[in-house]
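Every number here is computed from the coordinates shown, using simple stated rules; none is lab data. Note that the coordinates shown come from a computational prediction; the quantities given were computed from them, not determined experimentally. When we count neighbours, we look across all protein chains shown, and the Cβ atoms used for this are built from the backbone with ideal geometry, even at glycine.
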Amino acid sequence: MAKALLFDLDGTLLPMNTDQFIEQYMRALAPNVASFLDPKAFIKIIWESTNDMIKNTDHNLTNEQVFIDSFVKRTGIQQSDIWPTFVRFYEEEFPLLKIHTNPSPLSKEIVEIAKEQGRKVVIATNPVFPKAAIYERLKWLDLLDFPFDLVTVYEESHFCKPQPKYYLEILEKIGVEPQEAMMIGNDMQEDMIASKLGMPTFLVTDYLIDRGTLTYEVHQKGSLEELKEDIKAKKGVFAL
């Protein structure tokens with residue numbers, strides 16, 4: 001029985017081509033740091049520091065701490081010098097990236113139905129972004145004030161997808177067992193890996209990502225519209 005539904009954000013609840021969005025995000029962010037770093041070198045370092053976050057398995061360090069430590073070591077730039085630039089970017093420029101996404105009213109309907117059914121609802125987006133960026137994307141879906149049971153952000157999370165520990169940390173925080181929670185996402189590798197923990201999975205196919213390297217068990221799949229109908233009808237893995 002799915003007491004908790006864990007929803008991926010990019011490409012799942014927020015319809016978008018994630019690779020194209022990230023490309024536009026980097027293109028917008030890089031010029032802001034030109035006084036500190038060559039933009040091309042900056043993008044390379046951002047990816048390297050992000051990979052350090054993804055590989056981290058130390059539960060004593062938040063993703064934010066891992067990223068900052070990696071970035072400062074790689075650039076020699078002090079956090080206090082460059083971080084105000086990032087803060088300004090997320091406040092003033094990141095909201096403009098909405099044009100590279102395709103928000104759907106289905107997303108709000110889906111989480112509202114799940115909540116009305118008495119389920120816990122989690123935004124299980126890969127916490128490689130700061131809270132400001134994640135909540136801005138929820139705003140695009142008119143979900144900024146929705147009473148989620150948890151939203152994973154890099155300031156508060158200690159692991160990233162596809163680390164199984166990422167999912168275990170969520171389950172511990174919301175107080176459910178793996179078989180009582182379901183992961184819903186569009187990424188065969190990063191989202192469906194939750195099945196290895198005994199979690200049922202639903203693969204959203206509108207913006208499907210499958211790198212073909214590893215495949216994991218998919219218990220149910222369909223479009224965002226079909227996801228809504230399956231939850232509403234309590235069909236298959238959504239039975240209560």
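Can you give the angle from 0 to 90° between the axis of helix 18-29 and the longest principal axis of the chain, with both taken from C-alpha atoms, to the nearest 10?
The angle comes out near 30 degrees.
Please tell me the relative contact order of segment 19-98 in percent, rounded to the nearest whole number, where contacts are Cα pairs under 8 Å and at least six residues apart. Show your work: numbers first, answer last.
Working: 40 pairs, mean separation 28.5, N = 80.
Result for segment 19-98 is 36 percent.
Would you mind calculating the relative contact order of the chain from Cα pairs under 8 angstrom and at least 6 residues apart, reporting the percent as a whole number?
Answer for the chain is 28 percent.
What area, in nm² and to one decimal, does the C-alpha convex hull of segment 19-98 cast on average over all directions?
Numbers: hull surface 22.7 nm².
Seen from a random direction, the Cα hull of segment 19-98 projects 5.7 nm² on average.
Viscosity 0.890 mPa s, temperature 25 °C: give me the Stokes-Einstein translational D for the chain in µm²/s, with Rh taken as the Kirkwood radius over C-alpha pairs.
The Stokes-Einstein estimate is 133 µm²/s.
Net charge within 10 Å of D187 by Cβ-Cβ distance, Lys/Arg positive one each and Asp/Glu negative one each, not counting D187 itself?
-3
Would you order E92, E180 from fewest to most other beta-carbon atoms within 10 Å of each residue's own beta-carbon?
Lowest to highest Cβ neighbour count: E92, E180.
Note the angle between two axes, namely the Cα long axis of helix 164-174 and the longest principal axis of the Cα atoms of the chain, as a number of degrees from 0 to 90, rounded to the nearest 10.
Rounded to the nearest ten degrees, it is 70.
Where the only charges are on Cβ atoms (+1 Lys, Arg; -1 Asp, Glu), what is the dipole of segment 19-98 about its Cα centre, to the nearest 20 debye?
180
Efficiency by 1/(1 + (r/R0)^6): what FRET value for L240 and K165, r their Cβ-Cβ distance, R0 = 25 Å, to the nearest 0.05?
About 0.30, to the nearest 0.05.
Just list whichever of K3/K234; K98/K120; K98/K139; K73/K131; K108/K232; K139/K165 have alpha carbons separated by over 19 Å in the model shown.
K98/K120; K73/K131; K139/K165
Only counting other Cβ atoms within 10 Å, I'd like H158, H219 sorted with the fewest neighbours first.
H219, H158
Given only helices, namely DSSP H runs of n ≥ 4 each adding -39500 (n - 2.57), what is the per-residue ellipticity at 222 nm of the chain, to the nearest 500 deg cm²/dmol?
The helix-only estimate for the chain comes to -13000 deg cm²/dmol at 222 nm.
For an R0 of 30 angstrom, estimate the FRET efficiency from the Cβ-Cβ distance between W47 and N102 and round to the nearest 0.05.
Computed FRET efficiency for W47 and N102: 0.75.
Subtracting the Cα-Cα distance from 0.36 nm times the residue separation, let me have the gained length for E92 to R211 in nm, one decimal. Don't skip to the end; give the middle numbers.
Numbers: separation 119, 0.36 × 119 = 42.84 nm, distance 3.36 nm.
Fully extending the segment from E92 to R211 adds 39.5 nm.
Between W83 and K139, what length in nm is gained on full extension when 0.36 nm per residue of separation is reduced by their alpha carbon distance?
Between W83 and K139, full extension yields an extra 17.8 nm.
Any chance you could check the Cα centroid distance between segment 36-61 and segment 153-223 for me, in angstrom?
Comparing the Cα centres of segment 36-61 and segment 153-223, I get a distance of 23 Å.
With a 10 Å radius around each residue's Cβ, average the other Cβ atoms per peptide and rank 232-238, 63-69, highest first. Please list the in-between numbers first.
Values: 232-238: 14.9, 63-69: 19.3.
Result, highest mean first: 63-69, 232-238.
Can you tell me the order of 190-202, 127-139 when each peptide is scored by its average per-residue count of other Cβ atoms within 10 angstrom, highest first?
Highest to lowest by the protection proxy: 190-202, 127-139.
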